[in-house]
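Shown next, in structure tokens, is the structure this report addresses.
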Amino acid sequence: MAKKIKRHKHHEIKEDKFVTNALLLSEFVQNHWKKVALGAAALIVVIIVVVAMTSRSGKVNILALRQFDIALAFYEDDQMVKAEEAFSEVLDNYGSSKYSGLSYLYLGKINIEKSEPDVEMAETYFDKAKSRVHDTLLKETAWIGLAECTRLAEGDDAYYEYLKHIIKKFSNSYNVSQISFKIAEHYFAVDKYEEAKEYYTLIVKKFKNSSDYYKSKQQLEYIEQLQQDK
């Protein structure tokens, strides 16, 4: 006579699997409890470190902001010596904070605005600023500062060539119109009409809402009239 096969109900099978898994887990923990404990301890340490770093970063930024505000107040009050010292303190004490890039930017401005500009020092600060700030407008400001350093060190021709480079690098910036007008006016003043025409045309075609639009249009008409009269 054939042996009767016992059939388990579905819920009994599920319960058996649950019991089996529980037993296996219990056995694993018993055999590897040291590894499990070490893993849990390591995870706790990681969590503590992340929380501590986040908390410290927030505290550093608050302290850096206070020092930066002090430096900025000196700068706005035209106390350049105290401003330079205060911005330098931001870098010395909070060099990893988000205010370090701005401090480099202001230190560059201070050194270039001195009665006897320290061009080399200003260039160093502007160069560091452009790599530390993340906002596009601030980066552009650092590049413009470097252009001013170039003017002082190498003269007007090098300065306007540098401005052309800025226009290419920050082609979508709203400052392009103003910089282009400055370049165009320079070339117009030295009778380099073709070069001037290029940048007046850029403004007329691309920046119709610019404050320099109508003046650029007039200058273009004047240049075209000059060329026709030749």
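Just one of the listed residues (V29, V60) is at pLDDT below 90 and either among the basic types (K, R) or outside the structural domain of F126 (by TED's automatic domain parsing) (or both), and it is V29. Of the helices (runs of 4 or more DSSP H) entirely within the stretch 101-216, none holds at least 1 residues that are surrounded by 17 or more Cβ atoms within 10 Å (Cβ to Cβ), at positive phi and assigned by TED's automatic domain parsing to the domain that holds E89.
The values are calculated or read from the model by the stated rules, or taken from the named source; none is laboratory data. Small disclaimer: the values here were computed from a predicted structure and weren't measured. Every residue, glycine among them, receives a Cβ derived from its backbone with ideal geometry; neighbour counts consider all protein chains shown.
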